[in-house]
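Each remark here refers to the structure printed beneath this line.
The values are calculated or read from the model by the stated rules, or taken from the named source; none is laboratory data. This structure is a prediction, so every number in the text was calculated from the model and none was measured. Virtual Cβ from ideal backbone geometry, glycine too; neighbours counted across all protein chains shown.
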Amino acid sequence: MYALRLNFTSTNNEAEYEALLAGLRMAKKMNVQDIDARVDSKLVASQINESYVASSTSMVKYLATAKECIAEFRSFIIQNTPRSLNQKADILSKLATHAFDYLTKKVLVEVLAERSTDRKEVDAIIEEEEDNWITLIIRCLAEGVWPKDKEEIRALRMKINQYVLEEGVLFKKGYLVPILRCVGPLQANYVIQEIHMGSCGMHIGARSVVAKAIRQGYYWPTMHRDARNVTQKCDSCQVHAPVPRRPKTLITSIMAPCPFYQWGMDILGPLPQAFGKLKFVIVAIDYFTK
C-alpha cells in the first residue's frame, strides 16, 4: 500500500473537481490508501471538508461523487494551496490547454469526453447469496488461501493462471477474446434468461445463447449445460418449435400389393424329436402382413 500527494490547479471549480476525481481514480488503480491533496480552489477544499455548503446543482453532484471516491481510501486530506505556491501544477495545466499538440510523450494528458457526474454506474442486478466457484478462486488470488483437499489444490493450480482479479471482480483471460467477467449461478441464470427471452430475446438455441453471452463479456464453467437446461424448459420454444413429420422408424417398401398375394416358406430344425418322430417345423409368412 502506498501514500500519494496530489497537486491540482484549474480555471474553475468544476474543472478542479474533475482533476481531483481523475487523480483519485488513478490512485485507486495504483492501490494507494492514503491521499494528501492540494488544490488552489478554496471552494472545493472547503466543500469537501464540510466548511462550505454546496448550493448549485452541479456542485452538489460533484461533491457527492467526490465523497463516494474518497470513501474508498483509508485516509484523505485536502488543503487549499494558493496558485502562486503550486507553480508546477499550474504550468502543466496551461501546457495541456494551449500546447496540447506539442507535448512530449512524458507528459500524459487525459481528455474527458463527459462530466464525471454524468456517468451512469451499472450495478449488479442480482447478488450471489452463497459461496460458489468464484469464491474459491478469489480467496486464492486475494488472500492466498488454498483448499485443504489435495485434489482440489491440484485442480485449482491447473486453472488459476487463467484468472485475474481487478478491484474485487474476477475475470477470465482468453487468447482470442477480451477478458471475460466471471459470474455466479444466480447471475448466470439471469444472463441466460435475458439473452433467450428478455426484452431483446430471440428464443435462440443453447449454442447461440452461449456465444452471445461470451460476446457480451460473461463467463462461467457450466455455460453450455445451463443454457441447454433453460432453453429446453422454455414454453414458447416448445409451442412454436417446428413439428417433425418424419416417422420414428425407417420406412420399408411393400413387396406385396394385397394380403396372401405372396408367401415365404422355410423349414426350421432339426429340433428335439417329438411325438410321432417329428423333428422339423415348416414356417410360412405372408409378405404383406408378416
Go through ASN12, ASN49, ASN7 for me and flag whichever is in the same structural domain as PHE76 (by TED's automatic domain parsing), surrounded by fewer than 19 Cβ atoms within 10 Å (Cβ to Cβ), modelled with pLDDT under 80 and over 32 Å from the mean Cα position of the chain (by Cα). ASN12
Condition test on VAL183, is it β-branched (Val, Ile, Thr), surrounded by 16 or more Cβ atoms within 10 Å (Cβ to Cβ) and over 24 Å from ALA241 (Cβ atoms)? yes
Restricting to region 20-52, name every residue that is touching a residue at least 40 places away in the same chain (Cβ under 8 Å) and hydrophobic (A, V, I, L, M, F, W, C). LEU20, LEU21, ALA22, LEU24, ALA27, VAL32, ILE35, ALA37, VAL39
Of everything in region 75-94 that's at pLDDT 85 or above and surrounded by fewer than 17 Cβ atoms within 10 Å (Cβ to Cβ), which residue is farthest from ARG38 (Cα to Cα)? SER75
Is it true that some residue in region 163-174 is more than 13 Å from the chain's Cα centre (by Cα), basic (Lys, Arg), surrounded by fewer than 17 Cβ atoms within 10 Å (Cβ to Cβ) and at pLDDT below 90? no
Filter result (polar (S, T, N, Q) and more than 12 Å from THR289 (Cβ to Cβ)) within region 242-264: THR249, THR252, SER253
For region 250-266 the number of residues that are loosely packed, with under 10 Cβ neighbours inside 10 Å and in a strand (DSSP E or B) is 2
Picking from GLY205, GLY184, which residue would you name as being over 13 Å from the mean Cα position of the chain (by Cα) and not hydrophobic (A, V, I, L, M, F, W, C)? GLY205
If you go through region 161-181, how many residues are assigned to a strand (DSSP E or B) and either hydrophobic (A, V, I, L, M, F, W, C) or in contact (Cβ under 8 Å) with a residue 60 or more places away in the chain (or both)? 6
